[in-house]
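K.L.:
Handing you a structure now.
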Amino acid sequence: MKKILVPIDFSECSEYALEVAAQLATHHKTELVALHMMGLTQAVLNKDDSEDVMQAMFYMKLAEKRFAEFLEKDYLKNLKVHTTVQNYKEFQEINSVAKEFDCDLIVMGSHGSSGVREMFVGSNTEKVVRHSDIPVLVIKNRVKNFKLEKVVFASNFDEEVVSVFHKASRLFNLFDAPMELVYINTPGDGFRSTQEMHNRFLQFILAAKADQEYKITDINTYNAYSVEEGIFQYSNLINADAIAMPTHGRKGLAHFFSGSIGEDLVNHSDLPVITFKI
């Protein structure tokens, strides 16, 4: 891992993300890229009126100053931190910044009391998840001693998930974090028997060419009334440090989740979420 990108909007949530990213960078000897997006309209930037031009320049200098002050953290002192202030307004453009700086991971905070739920219903975090070609780690709360010792990889284990499975394996191997594989068996999605699930898992393991590492019994089945409920219950049951899942890019997570995540369920889970684009 070479670089970690952290979008900053001066909120508490972005500070939580920055702190986690710093912990990862310190432990894995990587660099950080701190990004602030201004969001000035093109109308302001393109005006010929000298007063408007001066106003735009003032806002840009003010943002740069505030950004520099925000990054004056003790935990960043021994790290190499690249900074960039962009005038992007669309959060999918963060993917372009990640490519420009050759980043391997985006660490981003999730705003609001609804926390992780926002990621699935159109928040800025969800927009980043939809367009990012690299994994996105979503942080909800402050984590003083962030660790990835046990990660739940939740999936339907279709063959299209094989590429994501490999991406996740490579990332978590860097963290020395074993993946707990789980399939959530729900009545609404066509309840499957144990034999049916074993056949499904075997096909997946063979397609992933992972038969030297995994057996069908290494993929757990957890019964629940909904996929969302099952993921959070299983993750809490095994005391997982994070939840990993695939996403269909521009389709967001709609393919993986049949409906919106209930706020009551999400509020019971403060776990970080890591997404991988299929």
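The values are calculated or read from the model by the stated rules, or taken from the named source; none is laboratory data. No experiment lies behind these values; they were computed from the predicted model shown. Every residue, glycine as well, gets a Cβ built from its backbone with ideal geometry; the counts of neighbours run over all protein chains shown.
K.L.:
Give the stretch 189-213 a look and list any residue that's more than 18 Å from MET179 (Cα to Cα), among the basic types (Lys, Arg) and within 29 Å of the chain's Cα centre (by Cα), or say none.
P.N.:
Once the filter is applied, which keeps residues that are more than 18 Å from MET179 (Cα to Cα), among the basic types (Lys, Arg) and within 29 Å of the chain's Cα centre (by Cα), the stretch 189-213 yields only ARG200.
K.L.:
Give VAL121, VAL138 a once-over and let me know the one that is closer than 30 Å to GLU213 by Cα and modelled with pLDDT under 90.
P.N.:
One residue alone meets the criteria, VAL138.
K.L.:
Look at MET37 and say whether it is modelled with pLDDT under 85 and within 23 Å of PRO272 (Cβ to Cβ).
P.N.:
So MET37 fits the description; yes.
K.L.:
What number of residues within the stretch 65-83 are in a helix (DSSP H, G or I) and without any contact (Cβ under 8 Å) to a residue 24 or more places away in the chain?
P.N.:
Residues that pass the stated criteria total 4.
K.L.:
Specify the residue that is surrounded by the fewest Cβ atoms within 10 Å (Cβ to Cβ); the eligible residues are those in the stretch 154-198 that are closer than 19 Å to LEU24 by Cβ and among the aromatic types (Phe, Trp, Tyr).
P.N.:
Once the filter is applied, the top-ranked residue is PHE175.
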